[in-house]
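This report refers to the structure that appears directly beneath it.
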Amino acid sequence: MNPLYQDVSVTDVYNPVGPWKPDSEGMPWQEIGDCFGKNIMVALEYTADLLIQGNHDEATIQRWLEGAKQELRDTSPKTYLMFRFVSATRSEMPWQGVGVPTSAVGVHANE
């Protein structure tokens, strides 16, 4: 455990991106999922552009991009967005300069 923090809590929340049941129209989690789907479509375009600029094969990238977009449009397979919430309380251990003390290097909250 990181000596700088105590009472570490990690919670994962899965929000479906689709497909939706007919009676779920207007539910907050559906709105979050729909918004995420639209945002990820834009992110895919930018990712493809960066990969092409990085000298990856454009035809392969375009095939990957179309496949990923089709999965998001069809939500097949069923797709989820995961939010990870992490909280902790600062311990009484004095801060030792900028960064993480050497005793905490390589230590993660879930250990």
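The values are calculated or read from the model by the stated rules, or taken from the named source; none is laboratory data. In this text, all values refer to a predicted model and were calculated from it rather than measured experimentally. Heads up, the Cβs are rebuilt from the backbone with ideal geometry, glycines too, and the neighbour counts pull from every protein chain shown.
Among Ser24, Ser91, Ser76, Ser103, which is the only one that is at pLDDT below 80, within 22 Å of Asn2 (Cβ to Cβ) and among the hydroxyl-bearing types (Ser, Thr, Tyr)?
Values: Ser24 fails: within 22 Å of Asn2 (Cβ to Cβ); Ser91 fails: at pLDDT below 80; Ser76 fails: within 22 Å of Asn2 (Cβ to Cβ).
Step by step, each of Ser24, Ser91, Ser76, Ser103 is checked, and only Ser103 is at pLDDT below 80, within 22 Å of Asn2 (Cβ to Cβ) and among the hydroxyl-bearing types (Ser, Thr, Tyr).
Mind listing just one residue for me: the one in segment 1-21 that is among the β-branched types (Val, Ile, Thr) and at pLDDT 80 or above and, of those, surrounded by the most Cβ atoms within 10 Å (Cβ to Cβ)? Quick ask: steps written out before the conclusion?
From segment 1-21, those among the β-branched types (Val, Ile, Thr) are 8, 10-11, 13, 17; that's our starting set.
When the remaining residues are screened for being at pLDDT 80 or above, the result is 8, 10-11, 13.
On the way: Val8: 15, Val10: 12, Thr11: 9, Val13: 11.
Here the answer is Val8.
Which ones in segment 50-73 are basic (Lys, Arg) and either in contact with a helix residue (DSSP H, G or I) (Cβ under 9 Å, 6 or more places away or on another chain) or part of a loop (DSSP other than H, G, I, E, B) (or both)? Walk me through how you get there before you give the answer.
Start the filter on segment 50-73 by keeping residues that are basic (Lys, Arg), which leaves 63, 69, 73.
Passing the criteria: Lys69, Arg73.
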Of all residues in segment 35-88, how many are of a type in the set (S, T, N, Q) and loosely packed, with under 10 Cβ neighbours inside 10 Å? 2
Residue count for segment 3-49, restricted to those that are over 17 Å from the mean Cα position of the chain (by Cα), assigned to a strand (DSSP E or B) and not charged (D, E, K, R): 4
